[in-house]
Amino acid sequence: MQHPKIFSEIERQKNEMTQALMELIRIPAIAPENGGEGESRKAEKLMQILEAVGFDKIERFDKEDDRVPSEKRPNVIAYCYGENKAEKLWIITHLDVVPPGEESLWTITKPFEPTIKEGRVYGRGSEDNGQSMVASIFAVKTLKNLGIKPKRTVALAFVADEEQGSTYGIQHLMKRVLFKKDDLIIVPDGGNENGSFIEIAEKSALWFRIRTVGKQTHASRPHQGLNAHRVGMECALALDRMLHERYPLKDEYFDPPESTFEPTKKDKNVDAVNIVPGEDVTYFDCRVLPNYNIEEILNDVHELAKEFEKKTGAKIKIEVLQKSVAPKPTGANSKMVVVLKEAIKKVSGLEPKVGGIGGGTCAAFFRKIDVPAVVWSTIDETAHQPNEYAKIENIANDAKIFAYIATT
């Protein structure tokens, strides 16, 4: 049995894994939609790490994007050929990260100045998705160090634009017809704290913007204007109540079990306290159980906006930013699920369970083309939060799972 030797080698490299993760965290990779410069600088650092490992082949499939300084969004694929070169195990992680949010809430360290504390690496992008990027790389590095050829080819894909819809990332790669229906595909972009949960289904996603237009005026003479901020808030709260009341179904297969309708981002309106805003913009992120029709929900949103227009005299426009209908779930008995279950049992001694999540991942795009994919990793679910962190122990354990699957 070669697995004890593999696991021991992974344990030996914990410090190297930690340093690699910290190097990646230091480089912000924020989408242009959020005021960032994209992923190119981070991809260059990644390329240095991959080249040092000695992968059999590294390819770039960049997508043009004139909104970022490099004018491209990077997608990197690194191959380690197996005894069966045709059969592939894909591990797909993403380069981009979300903005840090209010930096005063980061009490352990600044978002892009990673630090280690109590066995955790803190920093934006540490868990989402740096932990799994590093785990996948060091699973292959371990096999290279030991001179072990995997049973099947291991293909690591590091993609752009996951946080904003994947147009420049996995969707771009899919147009290259790189993936086959019998490939094994893991998207380590979700999970639970002991690594026993395998996600095989997602909810539908709907992001929209509410743009309310009134009439700007001096705050001491509000009757001469129409306060778009007040109307916008009232409309958003009414939408929040309506959506939760009208779509209350729960399905315990998913976590969380209900549809979620969350008002999130808010655009700046005016520069001074003594100005009544003439325009107000609020955003919603909705994750909807597959039982519901996204178009029906959108119709309800538009109807309520029209009611507020009649009642207030303001103009209210609903703008859809992202809309995706939940694809057919990955089969609970598909080869990828069976192989991953066995790995979790053998490596971690846990009994795996399958289910669905609310968040969207690259796995959905595979399911839409009938390629079974799973989402799995060992995480504390600190993604998108202040003080985001990755446990060093989780990086090593997930590397062991990836290496086990590659060699079994």
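Since every read-out is calculated from the coordinates, none of them should be taken as a lab result. Every value quoted in this text rests on a predicted model; they were computed, and no experiment measured them. Because the Cβ atoms are built from the backbone with ideal geometry, glycine has one as well, and the counts that use them run over all protein chains shown.
Give me the one-decimal Kirkwood hydrodynamic radius in Å for the chain, with the sum taken over alpha-carbon pairs.
Working: mean 1/r = 0.0443 Å⁻¹.
Taking the inverse mean of 1/r over all distinct Cα pairs, the chain comes out at 22.6 Å.
Of SER334, ILE344, ALA363, whose Cα points farthest to the positive end of the dipole of the chain (charges on the beta-carbon: +1 Lys, Arg; -1 Asp, Glu; origin at the Cα centre)?
Highest projection toward the positive end goes to SER334.
Taking other Cβ within 10 Å of each residue's Cβ, how do THR217, THR142, THR408 sort, fewest first?
Arranged by neighbour count, lowest to highest, THR217, THR142, THR408 become THR408, THR217, THR142.
Taking GluC sites (Glu not before Pro) as candidate sites, keep only those in a DSSP loop with at most 11 other Cβ atoms within 10 Å, then name the longest stretch of the chain containing none of them.
The longest uninterrupted stretch comes out as 253-408.
Quick one: Karplus J couplings for the range 294-310, per residue in order, coefficients 6.51, -1.76, 1.60, θ = phi - 60°, nearest Hz, x for Gly and Pro?
Karplus-based 3J(HN,Hα) across the range 294-310 equals 4, 5, 5, 5, 4, 4, 4, 5, 5, 5, 5, 4, 5, 4, 5, 4, 5 Hz.
Sorted from fewest to most neighbouring beta carbons within 10 Å, what does the list VAL97, VAL338 look like?
VAL338, VAL97
Output ³J(HN,Hα) for the range 163-171: one whole-Hz value per residue in order, computed from phi by the Karplus curve 6.51 cos²θ - 1.76 cosθ + 1.60 with θ = phi - 60°, and x for Gly and Pro.
Coupling constants for the range 163-171: 6, 10, x, 6, 4, 8, x, 5, 5 Hz.
Only counting other Cβ atoms within 10 Å, I'd like ILE10, ILE116 sorted with the fewest neighbours first.
The fewest-first ordering by Cβ neighbours comes to ILE116, ILE10.
Restricting to bridges with both residues inside the chain, how much of the DSSP beta-bridge set is antiparallel, in percent to the nearest 5?
On the way: 46 of 68 bridges.
If I count the DSSP bridges inside the chain, around 70 percent turn out antiparallel.
Gaussian network model of the chain, Cα springs within a sub-10 Å range: biggest mean-square fluctuation belongs to which of LYS345, LYS72, LYS215?
LYS215
Report, in whole Å, the centroid distance computed from the Cα atoms of the range 47-111 and the range 368-408.
Result: 15 Å between the Cα centres.
Relative contact order (percent) for the range 67-128, with alpha-carbon contacts under 8 angstrom and 6 or more residues of separation?
Reported relative contact order: 24 percent.
Of the options PHE284, VAL375, THR217, report the single residue whose Cα projects farthest towards the positive end of the charge dipole of the chain (beta-carbon charges: Lys, Arg +1; Asp, Glu -1).
The residue sitting farthest along the positive end of the dipole is VAL375.
Distance between Cα centroids, the range 315-356 to the range 149-165: provide it in whole Å.
Taking the Cα centre of each part, the range 315-356 and the range 149-165 sit 16 Å apart.
Evaluate the charge dipole of the chain about its Cα centre and quote only its size in Debye, nearest 20, assuming +1 on the Cβ of each Lys and Arg and -1 on the Cβ of each Asp and Glu.
In debye, rounded to 20, the chain gives about 720.
For the chain, what is the mean residue ellipticity at 222 nm derived from helices alone (per DSSP H run of n ≥ 4: -39500 (n - 2.57); sum divided by total residues; nearest 500 deg cm²/dmol)?
-10000 deg cm²/dmol
Under the rule of at least 5 residues apart or a separate chain, name every residue whose amide H is placed under 5 Å from the amide H of PHE55.
Long-range HN contacts for PHE55: none found.
Going through the cross-link list LYS151/LYS400; LYS180/LYS368; LYS42/LYS63, which pairs have a Cα-Cα distance over 18 Å in this structure?
none
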